[in-house]
Amino acid sequence: MNTTAAAWGDEIGIEEVRGVPFRTYTDRPRNIGRLLAFADRWGERPHIAQGEKVVTFAGLRNAVASKAAELAGAGLGRGDRVLLLGWNSPEWIINFWACAAVGAVPVLANAWWGRAELADSIALLDLKLVLADGRGAVNLPVGTTTGRWECDTTASPPLILAEGEQDDEDAPAVIVFTSGTSGRPKGVVLSHRSLLAGLHMLLHITRRLPQQVEESTGDAGLHTGPMFHIGGVQTLLRAITVGDTLVMPAGKFDPGEALRLVEEWGITRWSAVPTMVSRVLEHPDVHRRDLTSLRSITVGGAPVHAEFLDRLRAGLPGVEPRVPTGYGLTENGGQATAASGRDTTVRPGTSGRPLPCVELKLLEGGDHEDGEILVRSPTQMTGYFGVDETPIDADGWLHTGDLGRIDESGYLWITGRAKDMIIRGGENIAPAAVEQALAGIAGVVESAVFGVPHPDLGEEVMAAVVVEDGLTAERLREEMRTRLASFAVPSRWHLQREPLPTNHSGKIDKKALAAQARAGLTATAGDRA
């Protein structure tokens, strides 16, 4: 399929998908595997850099061809699900593209998962294969069918893409996990249409469609978020299409290393959660490094306030970066609205206006002053894997559970969350899942989990727990580490023996508990991890 100008139009029409009318580009790409053709366009330009490892676009193409042949030889083919379990690395990216090349569906495991979450997800998915790095492999259930994580960037076999219904844009392309409002993480099934529509819209509004990109151009971007998030997937798709270099920290995020990488690679773009930006601004090297190449810092994953934007713009010496932001969620395939750097200056706090193919409306009523945000877009998921329930109604509107308002100019303002969710450093945490894990511990009578403010992470997890004699916060913490991802384990605890307060309907009054906890943070709170 032609991946150049003819496949990337800017005209938008209406097309029915599963009986629902969506706004969509008339001329568009239809399979993410076809994006690999762009690697030939960029050749020896560096594509992935991490520590001492640098992989060019040509090296990526060769490594993907080699790994795709290996996967095909093992019997992997169209529609087979392959779990990718690992931290950011060139190998993660190569394995992702190799799955796409053979028509398989990469399933993106959260590398922070505990053994129980991993076992539950593997049992649900009916996997053909698991590809795991060394750290992830130790948590796999006994008997899991695994393949080789390592990749060969020196071989140069021909890249043969999967044959058959290669342009079925509604076929599953990837499964990304998200925290629902209850229970275990859910696998969000995203089609080729979903991923490519999101990419197409962002390239359109930034004037970076393939036919608009010069052969000699290409930005270096600092990527500090997990590849297994939807933002990581969209970053991969964009980078190979426009010829960007992805620069990744060698390990966990370190603000000093981030500053060094900006200077050494001439980073022009950085996409980060507010927590990471705050840590960079507080680091002493921020005044020693040459950061003048940095033109854009895209902030997402948590609400962005005017005070934060002022601090960001004032805290980078010699740099006046654009600070675009937006609003989206995994079930929508990523971003639904965008606010430019100018928008965030003139309208601090806005999440911007809908992307070209996105429709927004508010569902009024209920117990909230503002309406629930509904989104209809070709980027939305086809459903949760193995789960019948869906937040998408018969008319194609995705009920986000977030509250907001839309002003007279069409800008969206997020005002709250109707859904019960904690956002800690950009990670979504379902309180119900934490409460469910607590309920399985002997000596726990009942619990309520909620978020409380944190100066660096935005929010942290607090648990109010009714316990029997002898159960301590430390014991609870240790037990929870075996049941949940590390970021979801409460860092603040309030233990008591009397029952938790209830509201008029007899339910635990979590709102009152949270208000009481927040009021007490300035004095003394529960045990701190």
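No value in this document is a laboratory result; all are computed from the given coordinates. Just so it is clear, the model here is predicted, and its values are computed rather than measured. Here the Cβ is made from the backbone with ideal geometry for all residues, glycine too, and neighbour counts use every protein chain on show.
Overview of results
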item	result
Charge dipole (debye, nearest 20) of the chain; +1 at Cβ of Lys and Arg, -1 at Cβ of Asp and Glu	680 debye
Hits among lysines - C-alpha to C-alpha of LYS510 under 21 Å, sequence gap 8 or more where chains match	LYS419
Cβ-based net charge around ALA519, under 14 Å, with every Lys or Arg adding one and every Asp or Glu removing one	+3
Estimated translational D of the range 422-528 in µm²/s (Stokes, Kirkwood radius over Cα pairs; 4 °C; 1.567 mPa s)	93 µm²/s
Environment charge of ASP407, counting only residues whose C-beta is closer than 11 Å and scoring Lys/Arg +1, Asp/Glu -1	+2
Pairwise centroid distance, computed over Cα atoms, of the range 172-224 with the range 443-513, Å	35 Å
Tensor-based shape of the range 31-168 (alpha-carbon gyration tensor, a/c under 1.5 rounded, otherwise prolate or oblate)	oblate
Relative contact order of the chain, defined on C-alpha pairs under 8 angstrom at six or more residues apart (%)	12 percent
Proximal charge balance of VAL262 [Cβ under 13 Å; K/R count +1, D/E count -1]	-2
The chain - Rg and Dmax from Cα coordinates, angstrom	23.0, 70
Loop GluC sites (Glu not before Pro), the range 207-257 (other Cβ atoms within 10 Å of the site Cβ: 15 or fewer; DSSP)	GLU214, GLU215
Beta bridge orientation in the range 194-419: antiparallel %, DSSP, nearest 5	65 percent
Within the range 10-38: backbone nitrogen closer than 13 Å to the THR390 label point (7 Å, Cα to C-beta)	17-21
Only Lys, Arg (+1) and Asp, Glu (-1) charged, at Cβ; the range 364-520 dipole about Cα centre in debye	520 debye
Förster-model FRET efficiency, 22 Å R0, THR502 and ASP469, C-beta, rounded to 0.05	0.40
Percent of beta bridges antiparallel (DSSP, the range 422-528, rounded to nearest 5)	75 percent
Share antiparallel - DSSP beta bridges, the chain, percent rounded to 5	65 percent
